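The values are calculated or read from the model by the stated rules, or taken from the named source; none is laboratory data. Not measured: the values here are computed from a predicted model. Reconstructed Cβ throughout: ideal geometry from the backbone, glycine too, with neighbour counts over all protein chains shown. Just so you know, the surface numbers come from the protein's heavy atoms only, side chains and all, with ligands and any DNA or RNA stripped out. Shrake-Rupley method; radii C 1.70, N 1.55, O 1.52, S 1.80 Å.
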Amino acid sequence: MSYMKHVLLLAIFAVLSISYGQAQGSNYSQDKGSYEFERTAQDVYRIEEILWTEDFSNGIPANWTNTNYDSDANITDAIWQYRGESSIPNNTIGTIGNCIDYGSAGGDPILSPSADNGFLIFDSNYWDATEGNCGEFGTGISAAPHNASLTTASFDFSETPYLAVEFSQYLKNYESISKIQVSVNGGEFSDVFVNQFSGTNAASNRDMRVRKNISAFAGNQSDVKIRFNFEGTYYFWMIDDLQIVSLEQNNLSISSSLHGALDIQGPTDFEDYLGMQYFKYPNTNEVELVLSAKAENSGGDTQSGASLVTTLSQEGTELNLTSSGLEIVSPEEVMTFVASSMVLPTDIGTYDIEYRLIQDQEDESPEDNKISKKIEVTESTLARDEGVADSFYIPAADFDETSYEVGAVYVPREAGRQLHSISAGVSSSTFTGSYCYATLYGFSIEEGVSLVPIATSDLQIVQFFHLNDFGDEQMMVFDFDTPIELVQDSSYLAVVGTIDTPNEVTFSMSGEAQALTAWARFNNSSGVPNVTYLSRIPMVRMNFDQITNVEDRIDNPEIIASIYPNPATDIAVLEYNLSQKSELLVGLFDMQGKHLEDLYIGEGQQGNHQLTINVSSLPSGVYLVRLSSKLGKLDKPLVVE
């Protein structure tokens with residue numbers, strides 16, 4: 001080990017030995033950052049017939065009623081307001097009452113999909129008090145408590161038996177109630193949805209999406225009005241992106257699945273950690289799969305005879321099938337179905353688990369009745385993540401200048417295990433040349449993470465072939481100098497860390513994490529750590545034998561390629577061979593993993609081929625030519641002079 005590496009590792013040990021331990025006994029926060037996903041419109045809205053929509057790009061509709069009454073039933077000035085690009089304040093500002101942070105122009109706005117073109121807010125804090133300190137009530141234009149109502153024009157739903165209202169919201173509560181009400185044929189308004197944020201200073205997420213089935217009130221009715229009503233004192237309620245959608249009569253849908261005994265809400269004691277699910281298991285022990293799925297009745301009618309059927313298969317051959325009992329599921333009800341357990345074979349290979357809902361009624365959207373997951377039986381790897389990168393963890397801006405770690409809790413169930421290495425994935429936005437390392441800690445839910453790391457690997461430099469885009473599984477392998485003896489049924493935290501910052505290094509995630517089973521830790525300049533648990537699983541794995549590093553297997557026998565001349569000045573030629581016919585994508589990337597252009601998209605024929613690359617307009621430097629197909633992926637460096 002070089003002197004510089006030795007000094008850096010000593011510094012790592014010094015920092016890590018205080019970090020997690022100081023958080024023991026704390027109330028842990030969640031995420032302290034965000035996740036970057038490959039998203040589509042289907043991730044925001046369900047695919048259903050939209051009967052009506054309003055994104056407030058032109059303000060509050062002229063045919064809506066906007067009123068507020070005080071405790072004596074007198075009309076006051078406190079009404080719903082529009083925040084748009086040219087309004088004052090504009091749509092970059094939320095509340096402007098006296099409880100905003102000192103020195104700020106206003107509070108945070110809603111993070112709805114169309115917030116850029118405007119949203120609505122009832123700002124109770126502003127109407128009650130704009131001057132003085134937070135808590136000095138009644139100094140504003142219209143003193144609280146408020147009773148503010150925003151009522152739509154009439155809708156004709158006479159041809160629609162099943163329907164729901166959807167909207168985005170951001171709210172904070174002090175002593176108030178926010179709710180949706182429905183009136184039919186000019187009658188009294190009835191509550192159909194009440195926000196469940198009853199605690200003092202309780203707040204929603206800034207991008208909360210609400211969906212409420214209103215079929216029982218508005219189905220087949222010709223004169224329907226919908227009202228957003230804020231009653232009480234403080235703080236605010238923002239809404240945007242309203243939709244009324246037609247519902248199918250019969251539609252059960254699966255939202256998540258598990259093959260471990262630990263619920264997604266997380267552990268309450270150590271025994272719960274024994275039930276964590278993994279997606280890669282060593283082949284030395286039989287594993288019991290405890291199968292469950294969370295389902296929702298997204299349709300308009302009650303569903304009877306509902307059951308979860310789970311199937312284990314390999315390469316299309318069914319190996320086992322189990323099911324749950326029969327249930328009745330009311331509209332909007334969310335229910336967890338538990339099927340009988342089954343045993344995962346110990347033969348090395350990839351297995352498919354399908355979770356499928358059935359019911360007495362014919363489901364009108366059968367495509368959302370099932371979820372499939374892949375589990376791999378390996379020679380020596382234990383992994384919590386789902387196999388390929390589906391997201392990247394982006395720490396909050398507060399930690400832009402701090403080194404940090406991410407990792408997952410593991411409980412080896414077999415005796416005599418030795419940990420040879422930890423493998424981990426970095427994202428495509430990571431700078432090549434950055435430094436990463438791996439560390440193993442002891443862990444318990446009662447005491448947190450051990451003060452002293454069990455072992456830390458050498459520093460490793462991130463290179464271009466380590467970078468993961470969505471759908472990739474390029475793992476850096478961090479070997480330990482001496483294999484670590486693990487204690488059966490003891491819990492550990494395996495982490496990957498960087499001595500650089502989130503601006504240089506971000507880590508790959510894959511799958512949803514059960515609460516308190518995946519973690520991040522940040523060290524700021526004062527030496528006081530910030531510890532947070534993650535809602536996604538870092539791609540950090542345990543290896544119980546020597547495994548091949550990604551740079552040792554960069555060549556793919558299914559795809560063979562070379563580039564000449566290399567270095568090149570004007571023209572380079574990519575010569576490649578495909579073992580069989582396959583769709584082919586050839587792309588050009590810089591060494592930070594940024595996609596520059598597609599060189600070829602189309603069908604690739606079996607055999608030898610050439611592709612001419614014009615590099616005359618490229619600045620001097622090192623680039624990456626990537627060949628991607630169903631046969632695999634191959635990266636080749638290209639030097640431009």
Handout entry: Selection status of D272, assigned to a loop (DSSP other than H, G, I, E, B) and of a type in the set (D, E)
Key = no
Handout entry: Of the criteria (1) within 15 Å of E405 (Cβ to Cβ); (2) surrounded by fewer than 20 Cβ atoms within 10 Å (Cβ to Cβ); (3) not β-branched (V, I, T), which one F431 fails
Key = (1)
Handout entry: Test: S372 is assigned to a loop (DSSP other than H, G, I, E, B) and open to solvent by 50 Å² or more (accessible area, probe 1.4 Å)
Key = no
Handout entry: Enumeration of residues in the stretch 161-194 that are open to solvent by less than 20 Å² (accessible area, probe 1.4 Å) and not small (G, A, S)
Key = L163, V165, E166, F167, Q169, L171, N173, I180, Q181, V182, V192
Practice task
Take G138 and decide whether it is of a type in the set (G, A, S) and either touching a Pro at 6+ places or on another chain (Cβ under 7 Å) or not in a loop (DSSP other than H, G, I, E, B) (or both).
Solution key: no
Fill in the blank from the handout: Considering residues that are β-branched (V, I, T), touching an Asp or Glu at 6+ places or on another chain (Cβ under 9 Å), within 20 Å of V287 (Cβ to Cβ) and open to solvent by less than 60 Å² (accessible area, probe 1.4 Å), the number found within the stretch 302-350 is 3
Practice task
Answer yes or no as to whether I554 is open to solvent by 10 Å² or more (accessible area, probe 1.4 Å), among the aliphatic types (A, V, I, L, M) and modelled with pLDDT of 90 or more.
Solution key: no
Completion exercise
In the stretch 594-641, anything over 25 Å from S429 (Cβ atoms), exposed (fewer than 15 other Cβ atoms within 10 Å of the Cβ) and in contact (Cβ under 8 Å) with a residue 24 or more places away in the chain is listed as Q605, Q606, G607, N608, Q610, T612, N614, S616, K630, E641
